[in-house]
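Everything on this sheet refers to the single structure shown next.
The values are calculated or read from the model by the stated rules, or taken from the named source; none is laboratory data. Note that the structure is a prediction, hence the values are computed from the model and not measured. Methodologically, a virtual Cβ is constructed for each residue, glycine included, from the backbone with ideal geometry; neighbour enumeration extends over all protein chains shown. Please note that ligands, DNA and RNA were not included when accessible areas were found on the heavy atoms of the full protein model with its side chains. Shrake-Rupley method; radii C 1.70, N 1.55, O 1.52, S 1.80 Å.
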Amino acid sequence: MSDSDAARQVFEAFVRALDTDILIVTAAAGAQRDGCVVGFHTQTSIDPSRLLVCLSDKNRTYRIAQAAGVLAVHLVPPDAVDLAALFGGETGDEVDKLAECAWHPGPGGAPVLERCPNWIAGRVLQRLPLGDHGGFLLDPVGGQATSGARGLRLSEMPPIEPGHEA
Ligand SMILES: Cc1cc2nc3c(=O)[nH]c(=O)nc-3n(C[C@H](O)[C@H](O)[C@H](O)COP(=O)(O)O)c2cc1C
């Protein structure tokens, strides 16, 4: 095995051990709308407030987010595993996920999911090439959050085949 194969195996075992909150990121541009589950995300700054979400360049949500001014980012309530399965296990290239759940247009038209009371809308400040995912650096412009809210974690998700290969 080459050094780089070994390093890759170590990397994959390392990241498998990480847990994270499952988010659903939605986007709208023109008449197009979609959303997908996102496990790759992080706060990058306190003041100013900044959140980075990473979208696979294979996903329909990524393509729409290229033209969207605002993305909506939702915490998934722990009892909404079915919603995470819809947004993570189906692709908008085949299924209209937003026809299967309740939502309303939020800032910039980004769909706000009714079953997710904790969400933020973020203006897209930068689009960053980060490998097979693109980073979207967000400046929060709205949303709502209840104190003590807790979201569904990766370790609590059933095994789901992503709607698009990564
Ligand atoms: C646990 C889990 C984590 C995921 N994390 C990400 C992620 O960080 N970024 C991303 O773009 N897709 C991620 N996905 C995959 C997409 O949610 C999935 O491919 C989705 O079906 C894409 O839908 P779309 O083509 O409608 O955008 C994840 C899926 C699962 C099940």
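Just to be sure I follow: if Rg is taken over the C-alpha atoms of segment 71-166 and Rh is the Kirkwood radius over the same atoms, what is Rg/Rh?
0.96
May I ask for the equivalent-ellipsoid semi-axes of segment 119-166, computed as the square root of five times each C-alpha gyration tensor eigenvalue and listed largest first in whole Å?
23, 22, 8
Considering only protein heavy atoms, what per residue accessible area in square angstrom results for segment 90-166 with a 1.4 angstrom probe?
That works out to 57 Å² per residue.
Compute the distance in nm between two label points, each set 7 Å from the Cα along the Cα-to-Cβ direction, one at A145 and one at Q43.
Distance between label points: 0.6 nm.
Would you look at the GNM of the chain, springs on alpha carbons closer than 10 Å, and say which of C54, C101, C36 moves the most?
Residue with maximal mean-square fluctuation among C54, C101, C36: C101.
Please work out whether segment 68-118 counts as rounded, prolate or oblate from its C-alpha gyration tensor, where a ≥ b ≥ c are the square roots of the eigenvalues and a/c under 1.5 means rounded, while otherwise a/b larger than b/c means prolate and anything else oblate?
Oblate, since a/c reaches 1.5 and b/c is not below a/b.
Could you give the longest part of the chain that holds none of the GluC sites (Glu not before Pro) found in DSSP loops with at most 12 neighbouring Cβ atoms within 10 Å?
Here the longest run is 1-93.
Would you look at the GNM of the chain, springs on alpha carbons closer than 10 Å, and say which of A84, A68, A13 moves the most?
Checking each option, the largest mean-square fluctuation is seen for A13.
Order 117-124, 140-147, 24-31 from most to least packed using the mean count of other Cβ atoms within 10 Å.
My ranking of the peptides, most packed first, is 24-31, 117-124, 140-147.
Enumerate the calculated ³J(HN,Hα) couplings along segment 31-40 in order (Karplus 6.51 cos²θ - 1.76 cosθ + 1.60, θ = phi - 60°), each rounded to whole Hz, writing x wherever the residue is Gly or Pro.
Per residue, the Karplus-derived 3J(HN,Hα) values read 8, 9, 8, 6, x, 8, 5, 10, x, 8 Hz.
Where the accessible area of the chain is counted over protein heavy atoms with a 1.4 Å probe, how much of it, in %, is carbon and sulfur?
Answer for the chain is 53 percent, counting heavy atoms of protein chains only.
Go through L152, L18 and list them by solvent-accessible area, largest first, probe radius 1.4 Å.
Of L152, L18, the descending order of accessible area is L18, L152.
Starting from the exponent 0.38 and prefactor 2.2 Å, build the expected Rg for segment 30-91 from its residue count and divide its actual Cα Rg by it.
Taking the Cα Rg and dividing by 2.2 N^0.38 Å, one obtains 1.21.
To one decimal place, what Kirkwood hydrodynamic radius in Å is obtained for the chain from all pairs of distinct Cα atoms?
By the Kirkwood definition, the hydrodynamic radius is 16.3 Å.
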